[in-house]
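*Asks:* Take a look at the following structure, please.
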Amino acid sequence: MSEVSSLTGRLLVATPALADPNFDRAVVLLLDHDEEGSLGVILNRPTPVGVADILESWAALTGEPGVVFQGGPVSLDSALGVAVVPGEGGATGSAVVGDGPLGWRRVHGAIGLVDLEAPPELLAAALGSLRIFAGYAGWGPGQLEDELVEGAWYVVESEPGDVSSPDPSQLWRAVLRRQRNELAMVATYPDDPSLN
């Protein structure tokens, strides 16, 4: 199932036709995608809750805005840390690197998951950016593939900066605008087509 596993690390960008309010204009980073299902976090849903309010020891390492993001509708009482470690892209031709710093597990390129149980000082020097998510988006076996066939999502390449976008409210448009095909035009889709 190489096609299934190849979506790990990519972005799901909600199409304007996606009717589920949980995913309206969502940009989801897929952290895991295989024959057993899919798991990701919504990158553009900041909450009013500060990171310092729930994970004080990690607050100094998170970028702006320093809030917890709602990663999805599943397990809102759990936290996931997603971080970019510069120099961990794993590009061909580069020096062989290990698995990255202790307490960080590579998902794709320089993007990885942070062990929030680890002491933050283990990772402080290595992190380029960190974002904390409450909950996640999950799909059972074949469920995401069905949604893709139905046209609910665009699948595009992620960039390390997507994880720490300083203006998450504009991430949906920004990701679409950078595409080199007809998807760039979708970025101009009005928030409310009935007003057009």
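The values are calculated or read from the model by the stated rules, or taken from the named source; none is laboratory data. Predicted model, so just to flag it, every value in this text is computed and none were measured. Note that each Cβ is placed from the backbone with ideal geometry, even for glycine, and that neighbours are counted across all protein chains shown. For the accessible areas, the whole protein counts, side chains as well, though only heavy atoms, and no ligand, DNA or RNA atoms are used. Shrake-Rupley method; radii C 1.70, N 1.55, O 1.52, S 1.80 Å.
*Asks:* Please find, among Gly100, Gly138, the residue that is surrounded by 13 or more Cβ atoms within 10 Å (Cβ to Cβ), more than 15 Å from Val82 (Cα to Cα) and not polar (S, T, N, Q).
*Replies:* Residue meeting the stated conditions: Gly138.
*Asks:* Test Val114 against the criterion of being under 14 Å from the mean Cα position of the chain (by Cα) and closer than 14 Å to Arg25 by Cα, and give yes or no.
*Replies:* The answer is no for Val114.
*Asks:* Asp162 versus (1) open to solvent by less than 50 Å² (accessible area, probe 1.4 Å); (2) outside any helix (DSSP H, G or I); (3) not basic (Lys, Arg): which is the lone unmet condition?
*Replies:* Going through (1) open to solvent by less than 50 Å² (accessible area, probe 1.4 Å); (2) outside any helix (DSSP H, G or I); (3) not basic (Lys, Arg) one by one, Asp162 breaks only (2).
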